[in-house]
Amino acid sequence: MNDEVAAYLPEVEKGLHLIPTQATEHAGHVDHLYFALVGASVVILLMVVGLIAFFGFRYRAGNKTADRSNLPSTRTENRVEIAVLAAMLVAFMGFFAWATTLYLDGYRGPEPAMTIDVVGKQWMWKIQHPDGTREINALHVPVDEVIRLRVTSQDVIHSFFVPAFRIKRDVVPGTEKTAWFKATEPGEYRLFCAEYCGSFHSRMLGKVVVMERGDYQAWLTRQGSGQTLATAGKQLFEAHGCSGCHMGKSSVRAPSLDGLYGRSVALESGEVILADEAYIRDSILQPDRHIAAGYEPIMPSFAGQLKEEEILRIVAYIKSLQPGDWIRTSVEGNEGEGQ
Amino acid sequence: MKDVRAPVLAWGAYLIVLGASVAATKLTSGLMGHVFSLICAAILASLILTFFMGLRAADNLLRVFALAGLMWLTIMVVLTMMDYVMRDIGECPNAQADEVATNASGCPLDSARAADNP
Amino acid sequence: MTTTPSTTSKAAPDEQFDDLTQQRQADLMGMWIFLATELMLFGGIFTGFTVYRFAYPEVFAEAATHLDLRLGTLNTALLVTSSLFMALAERAANAERRRLTLIFLIVTISIGVVFLGIKGYEWHHEYTENLMPILGLEFEYPGAHPDRAEMFFNFYYVLTGLHAVHMSIGLGMLSVLVVFTLRWRDPPRLGRQIQMNGLYWAFVDVVWVFIFTTLYLLRA
Amino acid sequence: MSEAAANQASESYLTSGWKIRDWLLTTDHKRVAWLYTISITAFFFLGGLAALVIRLELMTPDGDVVSADAYNQLFTIHGVVMVWFFLIPSIPNTLGNFLLPLMVGAKDLAFPKLNLISWYIYTVGGLFTIAAVITSGVDTGWTFYTPYSTQYADRAVVAALIGIFVVGFSSIATGINFIVTTHKMRAPGLTWFRLPLFVWANYATSLVMVLATPVLSATLILLLLERVLGIGIFDPALGGDPILFQHLFWFYSHPAVYIMILPGMGVVSELITCFSRKTVFGYHGMALSILAISVFGFLVWGHHMFVSGQSLYAGLMFSLFSFFVALPSAIKTFNWTATLYKGKLIFSAVMIYALSFVGLFTIGGFTGIFLASLAVDVHVHDTYFVVAHFHYIMVGSMVTAYIGGLHFWWPKMTGRMYPEIWAKVAALALFIGFNLTFFPQYLMGYAGMPRRYQTYPEDFQILHVMSSLGAGVLAIGYLLPLVYLLWSLRWGKRAPPNPWRAAGLEWRTDSPPPKHNFLEPQTVTGPPYDYDTIDNK
């Protein structure tokens, strides 16, 4: 593998593992199903090949002594076919039930301990922890915790694939999907992009680092800032000039945003809309879409100016604002620390 | 020239049903009107199929082929909608949002929170 | 399939067939299968429309009110009238009445052209209202959710455009039939050809019924 | 009939007229079949060449043979050419075109001109696409997923889409032609359940072609409009859903897989019965299972989208249907094997091809069950496991059947015999080379090697090298028949009308057949594959 990506290759997973490391319980379960399938296929294949070989020898044209009388009647043929069909159907339904149960488990996880945002982008993985810590092409997680991933993409479809966890989730622009895992073994595991995404698809690699809980905390602290999403969002909010219109005295021109989240907002069109995450997000990217009643549609769109993870941060900031926060604190001061 | 009556009558019937369909749209609104219009569309289409396309006189095999197209279209629409109708149960970030007003991103499609393409 | 003029004598089928009945049945069946493929072609796009119609019901119903219902209705009526004349032309040809066939065909074509004219006028009207999100033209939509309304108009142009393409092909073939009728060489063969084209023409009408209903009529 | 006319009528279709016009404007289904055979062979070797460069690149973990973009263009060329310009038209348009009218006892297809036009459409569309792909490069993969194809990929995407769109009409034309011919032009006495399974298979294939291809056309139109006019049906910025594209695309492309494999099943059924000297086991079951596959094949497309973000429950349904579609395939495999029971087996080259088909199809089919199993699919989706699976079906089974069929009917098509020894060598090379190439890919797939990777972690190198070496052997398995079949055209032994003593109407006429196939109208009085009667004559 060339040098530019070598840095992202995990340390421990060297060597060819025909069955990749089982780093989650789910991985073990999937492997059991896999072995069962392999077993069934081998039996069937041996049967087919064995029969071909046996018939081939026994009924070769040169063998004049073989008994070729009493060919099965159409009726017998039908019976045999139905028997084969029934046997296959039973086996298949067994596999279907087994595989489906596992699949459902793999998608509807237990209550997560934390939710980590994953944004795919040509050709890197951007990861953002709940406390605002960010990393690229690496995902550090504590062991034995249920981790929920919220995945989306900034450009084309990618796919978040960690063989050691047996999980894969397409990362689709414009939608947000979730995946979860609970790693049981500390170590480093490969992260691949599994959906073709352009020139450097094969360089869109990363690693998942599973750490003991204490190590994870230490790692988080080492990452410095310890900035939460909301504080990071506040900085962006000010840096992009949002506060100029939305905050303080100037709120004549733009609605105040404290306590906005979860409220119903009356729109100029007469509709009433719930201010949820999507609404806040829409308002940043397409301000003209929902004009709050009594305001002019003068806000410019920030589409293209903000990166996906920056939007997530600003949304987190606005979500964190409690009613009256901005009135109590004139201009500078303590912002609400939501969540 | 025989059998001119049937197509002309079909044409008349067509215009009447069309009028009813348009009037229904004008007069009523919402689901009932829509369902009525769709039923009217089915009637209009079958009028054409039966009287202008000679399906009335055609042999069964042709009817089977005509129906096959329809069948396969149904398969496509039904199975595709099976995805969309049930999309994002438990996955949509706003699924728990209460019933207040129009949700800015009513599921299902738009867990697709409008994107940020430049 | 059968649009090429033939110089073979009147009663003989094409060389691969045993007799005319077989040929006629084969032609009919081929045409119907072709129509089934056409149905699936439009069906693919209708499936997409269904998905979004279901996902954004209010926006689509609202956006539909920006189409001209009067002109749409007029066009629907016109198209069925042309189908009627096409059916009459087929019967006239089978009765070997040349003048009548010619008149019916020309009426069919004229109505088709008027249909396309009205359609073009509608498009122009939407263009002047900035409701044509094509080639980067500005899209100014007065209602809520302009982006999803744009999706509605995308489907509107795809469906009506594809339909207009089919209309134009049909008009081209009908014009060829007019020439054949003028020549009047092999009337039974011409009858078959008119029948085949009539099927196509009526099918285009069927598609229009659904385009009209789903785009114009399912409105708020 | 005068004597001259009688002579003319009995003259072979190959000898009557060798001017350019006699070939390029022919409406004789047998000559059109040859036109198709030539174009298809050219496309096959072009696609194969791309595959060889890909395998060469993958010998080492680094990207050292071609650039990243060139690699992506290569697998796009390989996919587009092999799927649309080789696999889909392969058996139907060559063997099918040649044999279908012969097998039903007709003078020609129902619409001979349409047949010729379809070849022109196919060739022009194919060449246009190739020109676009080679000169300016398309790097979307053959799947054209949005939004990559609409907003990010290279410019020539438009040209490639137009080319593929155009070629779709050739499929539709062929489908219509075959269906009508099968329905309306059967010889007297040739009832549905007396038809050879090859005809059944081509009939079912045609149904799929006719019902699925237009949806591909619609999808391509939408892609084109999005790229050219900015009508963004799949554009997330407008609330569009990129996954909708996948639904529409796979509504065609999954059934297309059955377009590729069903004719192969038909061919193999003919070959096995002939060289077992015995009727097929469970004829009705075989015929009906072909139809069942073509219908059920339409209900399973969502299994390409288990991790794409379609709804969980849609995933469940598609998984269930995918298990169902495996049932008729299982029946067929079982019946081919059971056909050998109490036969008089002759292990000619053709039989070796047929039996390798059964083995490879069993492996390919069973790994399909892995992929239908949701939880396993999540892990192996978009890895080399999938690549191996569909190559076992499309190359291992389908191409083997095609080449086997070509050998079987070669005497009929050309009037010449091929050298049997070389054919056996080629058949073995094909079988060994194929397994060496693709079996390691199953292993690396489960080990986590994603597909469409130009560079990869070193651990996988050993398996990649095995695979690349296998590809070399496989190439020999393909080149050999090309050489000795061409050789036989001139130096091969003259073939009698029925060198295999095979059943079926096509063997009742001369090799090669006269222009109108049969000198007298044929009637059928008994069941197909009546080898008892033939052998006891």
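Checking C:Ala63, C:Ala93, C:Ala89, C:Ala55 one by one, the residue that is of a type in the set (Gly, Ala, Ser) and within 9 Å of another protein chain (Cβ to nearest Cβ) is C:Ala55 and no other. For B:Ile48, the requirement of being more than 8 Å from chain C (Cβ to nearest Cβ), closer than 24 Å to C:Thr50 by Cβ and under 17 Å from the mean Cα position of the chain (by Cα) is not met. Scanning the range A:259-280 for residues that are buried (at least 19 other Cβ atoms within 10 Å of the Cβ), assigned to a loop (DSSP other than H, G, I, E, B), out of contact with any Asp or Glu (no Cβ under 9 Å at 6 or more places or on another chain) and more than 7 Å from chain B (Cβ to nearest Cβ) yields A:Leu260, A:Ala275.
For first residues located in the range C:207-220 and facing chain B (nearest Cβ under 7 Å) and closer than 22 Å to B:Gly69 by Cα, partners that are of a type outside the set (A, V, I, L, M, F, W, C) and part of a helix (DSSP H, G or I) and lie 6+ apart or on another chain with Cβ distances below 8 Å form the pairs C:Val209/C:Thr76; C:Thr213/B:Ser21; C:Thr213/B:Ser37. Just one of the numbered conditions (1) more than 8 Å from chain C (Cβ to nearest Cβ); (2) aliphatic (A, V, I, L, M); (3) buried (at least 20 other Cβ atoms within 10 Å of the Cβ) is not true of B:Ala42: (3).
Scanning the range A:208-231 turns up at least one residue that is buried (at least 21 other Cβ atoms within 10 Å of the Cβ), within 14 Å of chain D (Cβ to nearest Cβ) and modelled with pLDDT of 90 or more. Evaluated against (1) in contact (Cβ under 8 Å) with a residue 24 or more places away in the chain; (2) within 9 Å of another protein chain (Cβ to nearest Cβ); (3) aliphatic (A, V, I, L, M), D:Leu102 falls short on exactly one condition, (2).
Among the residues of the range D:442-472, just one is surrounded by fewer than 19 Cβ atoms within 10 Å (Cβ to Cβ), of a type in the set (Val, Ile, Thr) and in contact (Cβ under 8 Å) with a residue 12 or more places away in the chain, namely D:Val465. If you check A:Gly62, A:Gly39 for being modelled with pLDDT of 95 or more and more than 8 Å from every other protein chain (Cβ to nearest Cβ), only one passes: A:Gly39.
Among the residues of the range A:142-171 satisfying the criterion of being in contact with a helix residue (DSSP H, G or I) (Cβ under 7 Å, 6 or more places away or on another chain) and assigned to a strand (DSSP E or B), which is farthest from the other protein chains (Cβ to nearest Cβ)? By that ranking, first place goes to A:Pro142. Filtering the range A:290-315 to residues that are among the polar types (S, T, N, Q) and away from every other protein chain (no Cβ under 12 Å) leaves nothing. For D:Leu320, the conditions (1) over 21 Å from the mean Cα position of the chain (by Cα); (2) more than 7 Å from chain A (Cβ to nearest Cβ) are fulfilled apart from (2).
For the range D:301-317, filtering for residues that are outside any helix (DSSP H, G or I) and either within 9 Å of chain B (Cβ to nearest Cβ) or not hydrophobic (A, V, I, L, M, F, W, C) (or both) leaves 5.
Filtering C:Thr65, C:Thr73 for residues that are β-branched (Val, Ile, Thr), at pLDDT below 95 and surrounded by fewer than 24 Cβ atoms within 10 Å (Cβ to Cβ) leaves a single hit, C:Thr65.
Results for (1) small (Gly, Ala, Ser); (2) in a helix (DSSP H, G or I), shown as yes or no for each residue.
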| position | (1), (2) |
| --- | --- |
| A:Arg190 | no, no |
| A:Glu195 | no, no |
| A:Gly198 | yes, no |
| A:Val209 | no, no |
| A:Tyr216 | no, yes |
| A:Leu220 | no, yes |
| A:Ala230 | yes, yes |
| A:Gly233 | yes, yes |
| A:Phe237 | no, yes |
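How about the range A:98-141: which of its residues are of a type in the set (D, E, K, R) and in a helix (DSSP H, G or I)?
Pass one, the range A:98-141, residues of a type in the set (D, E, K, R): A:105, A:108, A:111, A:117, A:121, A:126, A:131, A:134-135.
Within the range A:98-141, just A:Asp105 meets the criteria.
All of (1) at positive phi; (2) within 14 Å of chain A (Cβ to nearest Cβ); (3) among the small types (Gly, Ala, Ser) hold for D:Ser149 with one exception: (1).
Being more than 8 Å from every other protein chain (Cβ to nearest Cβ), at negative phi and either among the hydrophobic types (A, V, I, L, M, F, W, C) or in contact with a His (Cβ under 8 Å, 6 or more places away or on another chain) (or both): is that true of A:Leu33 here?
Numbers: more than 8 Å from every other protein chain (Cβ to nearest Cβ): no; at negative phi: yes; either among the hydrophobic types (A, V, I, L, M, F, W, C) or in contact with a His (Cβ under 8 Å, 6 or more places away or on another chain) (or both): yes.
Criteria not met by A:Leu33.
Within the range D:34-77, the residues that satisfy the criterion of being part of a helix (DSSP H, G or I), out of contact with any Ser or Thr (no Cβ under 6 Å at 6 or more places or on another chain) and among the small types (Gly, Ala, Ser) are D:Ala42, D:Gly47, D:Gly48, D:Ala50, D:Ala51, D:Ala70.
For the range D:129-159, the set of residues classified as of a type outside the set (A, V, I, L, M) and closer than 16 Å to D:Phe86 by Cβ consists of D:Thr129, D:Trp142, listed by residue number.
Within the range C:115-152, if we keep just the residues that are in a helix (DSSP H, G or I) and touching a Leu at 6+ places or on another chain (Cβ under 6 Å), the residue that is nearest to C:Gly198 (Cα to Cα) turns out to be C:Phe115. Can A:Leu312 be described as crowded, with 17+ Cβ neighbours inside 10 Å and part of a loop (DSSP other than H, G, I, E, B)? No; evaluated as a whole, the condition is false for this residue. Of the helices (runs of 4 or more DSSP H) lying entirely inside the range D:333-423, those carrying at least 2 residues that are in contact with a helix residue (DSSP H, G or I) (Cβ under 9 Å, 6 or more places away or on another chain) and surrounded by fewer than 24 Cβ atoms within 10 Å (Cβ to Cβ) are D:349-372, D:384-391, D:400-414.
Taking the criterion of being under 22 Å from the mean Cα position of the chain (by Cα) and surrounded by fewer than 21 Cβ atoms within 10 Å (Cβ to Cβ), the only residue of the range D:56-82 that qualifies is D:Gly79.
The values are calculated or read from the model by the stated rules, or taken from the named source; none is laboratory data. Every value quoted in this text rests on a predicted model; they were computed, and no experiment measured them. When we count neighbours, we look across all protein chains shown, and the Cβ atoms used for this are built from the backbone with ideal geometry, even at glycine.
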